[in-house]
Amino acid sequence: MLGNQSARAPLASTEADGHTTTAAAQESVGPGLRRAVGVWGSYTWGYADVGADVYVALGIVMAAAQGATNVAFLFAGLVYVMVGLAYTELAAAYPMAGGGQFYVLRGLGDFWGFVAGWAVLLDFTIDISLFALASAGYINFFLPVLNTRIDLHLGGLTLAGVQPWLILEATIFVVLLTILNIIGVRESSRFNEVLGALDVISESTILFFGFLFAFDPQLLLRQMTQSWPDPYHLAYGASLAIISFVGLESISQASQETIRPGKVVPRTSLALILTVLIYALAFSNLGLAMLPWQSFAEHNGDPIAWLASHIPFLGLVAGPYVALLGATLVLISSNAGVFGSSRITYSMARYDLLPRQLARVHPKFRTPVRTLVVFSGFALLELWLAGLSPNAYDVLGNMYAFGAATAYILVFISLLVLRFVDPWTPRPFKVPLNLRFRGKDGESRFLPVVGILGLLGISSMLVMVVLTHAIGRLAGPGWLLLGLLIYVWHRKRSGLPVFGSVPRNWPEEQLAVYADAEEYDLVEELRENLARKRLLAGEEGRAPLAPPTARVVSVPVPPQESRGNGRRTTTSAREEEQRREG
C-alpha cells in the first residue's frame with residue numbers, strides 16, 4: 001500500500017529555500033497508490049515487459065539483420081546494460097511513480113520531463129497493442145483459421161491482406177487487461193508473478209534442449225558469412241533489436257508501489273539485466289544455428305514456436321507448448337504496458353505536466369482509472385490503424401524504438417545533471433566507473449563514465465531509427481508534436497510556465513516517500529546531507545525541513561490495508577518523525 005503523502009503531488013509545506021506547493025491541488029488528487037509489489041513482483045514486472053520482447057523481435061530482426069541477427073542483438077544488449085545501470089541508480093534514489101519521466105523532471109525541469117514522459121508513453125501504448133497482437137498470433141498456432149487474410153474495400157481504397165480476426169482477438173485482450181489493472185496492482189502483480197515464474201523455467205528448458213540437440217555451429221558460421229547484411233539492414237536490425245530491452249522502465253514505474261525500493265530495486269534490476277541479455281543472445285544464436293534466417297522472417301507472428309517445433313525428438317511437443325508459453329508471456333508484457341502507461345500518466349498529472357484530472361485515484365480500487373482508460377484507448381487506436389496493413393507487427397515495431405531512444409537519451413542526460421546538482425540524495429546503488437570532482441561548495445561530485453558511454457550508444461540508436469525507419473521517423477515526431485500541443489494548452493490554461501518549471505518541495509516529498517517505504521536509513525541519511533548542505537552554504541541557522549508549523553496533507557488509509565507484519569506502519573513512522581522534529 002502506498003500511504004498518504006507519497007502518492008500525491010508535492011506536499012503543502014514551506015521548505016528552507018522558500019519554495020512552496022499548493023495543498024488544495026494536493027488534496028484534489030485523492031488517495032494514493034498502495035504498496036503491494038515485493039522482490040519477485042518487482043522482477044516479474046520488468047521481466048513481463050522485456051522478457052517477452054524476443055518472442056516478437058526475433059522474427060522482425062531476422063528479416064532485417066539476416067545473418068548478423070546475433071550481432072544486432074549484441075549491440076542493442078550492450079546499450080541496454082548501460083541503460084539498465086542508469087535506471088537502477090535513479091530508481092533506487094528516487095522511488096517515485098513516473099520512472100524515466102520523473103528522473104528527467106528532477107534533472108532537466110518540467111518541459112523536458114514532459115517530452116521524456118510522452119516518448120515513453122508512445123512505447124507503453126505500442127507495448128499494449130503489439131504484445132496483445134503477438135499473444136493472439138501465438139494462440140493462432142492452434143487456430144490458424146483465425147489468421148485468415150481478406151481484402152478490405154473502403155470506398156475506392158482497397159486494403160489487401162488484412163487480418164480482422166487477429167485484430168479482434170488482440171482488442172479483447174487489451175480490454176480484459178485494462179479491467180484487470182483497474183481492479184488493482186495487487187491482483188496484476190500476482191498475475192505477473194505466477195506466469196513470470198512459469199516462463200523463466202520454460203524458456204530456460206527450451207534453450208537447454210535446443211542447444212543440446214539442434215545447435216549446428218557450421219550453419220551459424222555459414223549464415224554469418226554468406227548472409228551478412230549491408231550496413232543499412234544491419235543498422236535497421238540493430239535499431240529494431242533495442243525493442244527487446246525496454247522493460248526496465250516497468251521496474252522504475254512500480255518503485256513507488258514497491259516495498260523497500262532502495263534495497264529491492266537494485267537487486268531486481270541487476271538480475272533482470274543479466275537474465276534478459278542472456279536470453280536474447282541465446283535465442284538469436286540458436287535460431288541462426290538451427291534454421292535459415294528466411295524461415296523466421298516468414299513466421300514473424302510466432303518465431304519462437306517455429307524454432308521450438310524443429311528441436312529433434314521434442315518438436316511435436318515443444319512447438320505447441322512454446323506457442324502456449326509465448327501467448328502467456330507476451331500477454332503479461334501487454335499487461336505491463338497497461339500498468340506502466342497508467343502510472344507514468346498518473347505521475348505527469350501530479351506534477352502539472354498533464355491535466356490533474358488524470359491523477360485521480362479510484363477511492364475503492366486505489367488505481368488511476370482515468371489514465372488506464374485513456375491510454376488503453378490510445379493503444380486500441382494504434383492497433384486498429386496498424387491492422388489496416390498486411391503486416392501489423394512491422395508497423396507497430398517500426399515506431400517502438402523511437403520513443404525508447406528519445407526517452408533514454410534524456411534519462412542519461414538527467415543522470416549526469418543530477419550527479420552534480422543533487423549530490424545530497426542518497427544513492428543505494430551507483431553506476432560504476434566514476435570520476436571525482438570537487439564542487440564550489442566543497443562537496444564531491446562523481447561523473448559516471450558509463451553514463452557518458454550509454455548516452456553515446458543510445459544516441460547512435462536514435463540516429464539509426466531516424467535514418468532507417470520510414471514509419472518511425474514520421475509517426476514518432478508526430479506523436480511528440482501531439483503531446484506538445486496538449487502540454488502547451490494545459491500549461492497556458494492553468495497559468496503555468498510552458499518552458500519554465502513550477503517550484504516544488506522535492507526534499508520534503510522525498511522524505512515522505514522514504515518513510516512510507518520504511519527506508520528509515522535513507523530518511524536519516526537525506527536529513528544529514530541536507531543539514532550539511534545548509535552548513536556549507538552558511539545557512540545553519542535556518543529552519544530545518546518540515547517545521548512544526550508546516551501543514552502536511554494526509555489522506556486516511558483504511559486500517560485493513562496496513563501491513564501487520566511486526567514492522568512500524570507508515571503512520572506511526574511519520575508521527576515519530578514529527579515528534580523528533582518537535
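Observations
- Any chance Leu353 is farther than 25 Å from His233 by Cα, open to solvent by less than 10 Å² (accessible area, probe 1.4 Å), at pLDDT 80 or above and not in a helix (DSSP H, G or I): yes
- Region 505-528 - residue that is more than 25 Å from the chain's Cα centre (by Cα) and open to solvent by 20 Å² or more (accessible area, probe 1.4 Å) and, of those, nearest to Asp441 (Cα to Cα): Glu528
- Failed criterion for Pro448 (all others in (1) out of contact with any Gly (no Cβ under 9 Å at 6 or more places or on another chain); (2) closer than 25 Å to Asn529 by Cα; (3) buried (at least 16 other Cβ atoms within 10 Å of the Cβ) hold): (1)
- On the stretch given as region 191-237, residues that are within 30 Å of Ile179 (Cβ to Cβ), touching a residue at least 12 places away in the same chain (Cβ under 8 Å) and not hydroxyl-bearing (Ser, Thr, Tyr) total 10.
- Screening Phe283 on (1) open to solvent by 20 Å² or more (accessible area, probe 1.4 Å); (2) over 19 Å from the mean Cα position of the chain (by Cα) shows it passes everything except condition (1).
- Subset of region 74-106 [within 16 Å of Val449 (Cα to Cα) and among the aromatic types (Phe, Trp, Tyr)]: Tyr80, Tyr87
A quick yes/no check of all residues on (1) surrounded by 23 or more Cβ atoms within 10 Å (Cβ to Cβ); (2) assigned to a helix (DSSP H, G or I); (3) not basic (Lys, Arg):
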position	(1), (2), (3)
Thr88	yes, yes, yes
Leu122	yes, yes, yes
Phe141	no, no, yes
Val145	no, yes, yes
Ala160	no, no, yes
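- Matching residues in region 413-428 - criterion: being within 20 Å of the chain's Cα centre (by Cα) and either over 19 Å from Leu455 (Cβ atoms) or surrounded by 24 or more Cβ atoms within 10 Å (Cβ to Cβ) (or both): Ser414, Leu415
- Only one of Gly84, Gly113, Gly117, Gly109 that is closer than 27 Å to Phe378 by Cβ, at pLDDT below 90 and either of a type outside the set (Val, Ile, Thr) or under 12 Å from the mean Cα position of the chain (by Cα) (or both): Gly84
- Residue-level check: of (1) at positive phi; (2) open to solvent by less than 10 Å² (accessible area, probe 1.4 Å), Ala379 misses just (1).
- Screening Arg149, Arg222 for residues that are within 23 Å of Ala392 (Cβ to Cβ), surrounded by fewer than 19 Cβ atoms within 10 Å (Cβ to Cβ) and among the basic types (Lys, Arg) leaves exactly one candidate, Arg149.
- Where a residue in region 158-182 is more than 21 Å from Pro390 (Cα to Cα) and its partner, wherever it lies, is of a type in the set (D, E, K, R), with Cβ under 7 Å and at least six apart: Leu180/Glu187
- Enumeration of residues in region 427-441 that are touching a residue at least 12 places away in the same chain (Cβ under 8 Å) and outside any strand (DSSP E or B): Arg427, Pro428, Phe429, Lys430, Val431, Pro432, Leu433, Gly439, Asp441
- Residue list for region 294-324, restricted to those being open to solvent by 30 Å² or more (accessible area, probe 1.4 Å) and part of a helix (DSSP H, G or I): Gln294, Ala297, Glu298, Trp306, Leu316, Val317, Pro320, Tyr321, Leu324
- When the criteria are applied in full, Val374 fails the requirement of being open to solvent by 10 Å² or more (accessible area, probe 1.4 Å) and at pLDDT 90 or above.
- Selected residue (criterion: modelled with the lowest pLDDT) from residues of region 181-218 that are farther than 30 Å from Met290 by Cα, in contact with a Phe, Trp or Tyr (Cβ under 9 Å, 6 or more places away or on another chain) and not polar (S, T, N, Q): Val185
- Close pairs (9 angstrom Cβ cut-off, 6 or more residues apart or separate chains): in the same structural domain as Trp118 (by the TED database) and of a type in the set (Asp, Glu) in region 82-100, open to solvent by 10 Å² or more (accessible area, probe 1.4 Å) and modelled with pLDDT of 85 or more anywhere: Glu89/Arg427; Glu89/Pro428; Glu89/Phe429; Glu89/Lys430
The values are calculated or read from the model by the stated rules, or taken from the named source; none is laboratory data. This one's a predicted model, so the numbers in the text were calculated from it and none came from an experiment. Please note: Cβ atoms are built from the backbone with ideal geometry, for glycine as well, and neighbour counts cover all protein chains shown. Remember, those area values only see protein heavy atoms, side chains included, never the ligands or the DNA or RNA. Shrake-Rupley method; radii C 1.70, N 1.55, O 1.52, S 1.80 Å.
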